[in-house]
Structures are given as structure tokens and as C-alpha cells.
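*Asks:* Take this structure first; my questions come after.
The values are calculated or read from the model by the stated rules, or taken from the named source; none is laboratory data. Please read these numbers as outputs of a predicted model, since none were measured by experiment. Ideal geometry is used to build each Cβ from the backbone, glycine not excepted, and the neighbour counts take in all protein chains shown. Calculation scope for accessible area: heavy atoms of the full protein, side chains included, ligands and nucleic acids excluded. Shrake-Rupley method; radii C 1.70, N 1.55, O 1.52, S 1.80 Å.
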Amino acid sequence: ITPGELLCLGSSLAFSGLFYYLYRRKSRVVARIQEAPKLQVDDNLPALVSAAEGRCLPYVALEGIVLPAQAALTSHYHEGLLGVIQKLQLKEHRLIWNSLARSW
């Protein structure tokens with residue numbers, strides 16, 4: 001066995017271990033999302049949220065009727081299919097100048 005073959009085998013094992021670790025971590029997140037409780041959007045929801053720890057419900061699936069603020073979006077590909085756009089939240093991270101790399 002040559003040193004090049006050992007290097008290839010070692011890097012292959014390292015990449016396989018890294019990708020398996022990432023797969024297992026993401027599969028746990030997917031399992032938590034799939035096990036999320038399904039709640040109806042009704043009058044009891046605000047009381048349930050305020051009673052929760054930290055006033056937050058992690059990984060909850062909400063079911064109910066959504067009403068558009070103005071007009072519903074129509075699909076160009078399927079007749080009778082309507083949709084709405086959820087409110088987007090943008091979080092900007094603070095940029096710090098790196099003088100060594102001369103970049104933000």
C-alpha cells in the first residue's frame with residue numbers, strides 16, 4: 001500500500017464520517033419537526049402560547065384558514081389554486097472589517 005492510497009483512504013473515511021454526522025444531526029431535527037403537535041388557529045391559541053414556558057412553542061404545526069391582507073395570489077399552472085405570502089423576517093448580522101483579508 002502506497003502513501004497516496006493511505007491518504008485517499010483516510011480522507012475518504014474522514015469525509016464519510018463528516019457526512020454521516022451531518023446526516024444524523026439533520027435527521028434528528030426532521031424527526032422533531034414530524035413529531036410536532038398540530039394546533040388549530042382559534043381563540044384558545046393565545047392562552048396556550050402565554051401559558052407555555054418562555055411564551056414560545058417550539059416546532060408547532062398550525063392548522064387553520066389563512067386570509068390574505070389584500071388579494072390572494074393565483075397559480076398560473078393550476079386553476080382554482082390560491083396562495084398567500086407569509087410575512088418575511090430579515091435578520092442582518094453585524095459586519096466587521098477584517099484588515100488582514102481586506103473584506104467585511
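*Asks:* What accessible surface, in Å², does a 1.4 Å probe find on L22, ignoring ligands, DNA and RNA and rounding to the nearest 10?
*Replies:* About 70 Å², rounded to the nearest 10.
*Asks:* Evaluate the charge dipole of the chain about its Cα centre and quote only its size in Debye, nearest 20, assuming +1 on the Cβ of each Lys and Arg and -1 on the Cβ of each Asp and Glu.
*Replies:* Here the chain has a charge dipole of around 500 debye.
*Asks:* Now a separate question. Could you give the angle, 0 to 90 degrees to the nearest 10, between helix 3-34's Cα long axis and the longest principal axis of the Cα atoms of the chain?
*Replies:* Compared with the principal axis, the helix lies near 10 degrees.
*Asks:* Separate question: Given a 1.4 Å probe and heavy atoms of the protein chains only, how would you sort T74, T2, largest accessible area at the top?
*Replies:* So, going from the largest accessible area down, we get T74, T2.
*Asks:* If you roll a 1.4 Å probe over the heavy atoms of the protein chains, what accessible area per residue do you get for the chain, in Å²?
*Replies:* About 100 Å² of surface per residue is accessible.
*Asks:* Which one is right for this structure if P(r) over Cα pairs in 5 Å bins from 0, in percent is calculated from it: (i) 2, 8, 7, 9, 11, 12, 13, 11, 9, 7, 5, 3, 2, 1, 0; (ii) 2, 11, 20, 22, 20, 13, 8, 3, 0; (iii) 2, 12, 18, 18, 16, 12, 9, 7, 4, 2, 0?
*Replies:* For P(r) over Cα pairs in 5 Å bins from 0, in percent, the calculated option is (i).
*Asks:* How much solvent-accessible surface does I65 expose, in Å² to the nearest 10, with a 1.4 Å probe and all protein chains in place?
*Replies:* Answer for I65: close to 150 Å² accessible.
*Asks:* Now for a different question. Express the carbon and sulfur contribution to the solvent-accessible surface of the chain as a percent, rounded to the nearest whole number, probe 1.4 angstrom.
*Replies:* About 60 percent, which is the carbon plus sulfur part of the accessible surface.
*Asks:* Label-point separation (nm) for L22 and I65, each offset 7 Å from Cα along Cα-to-Cβ?
*Replies:* Taking the two extended label points, one gets 4.4 nm.
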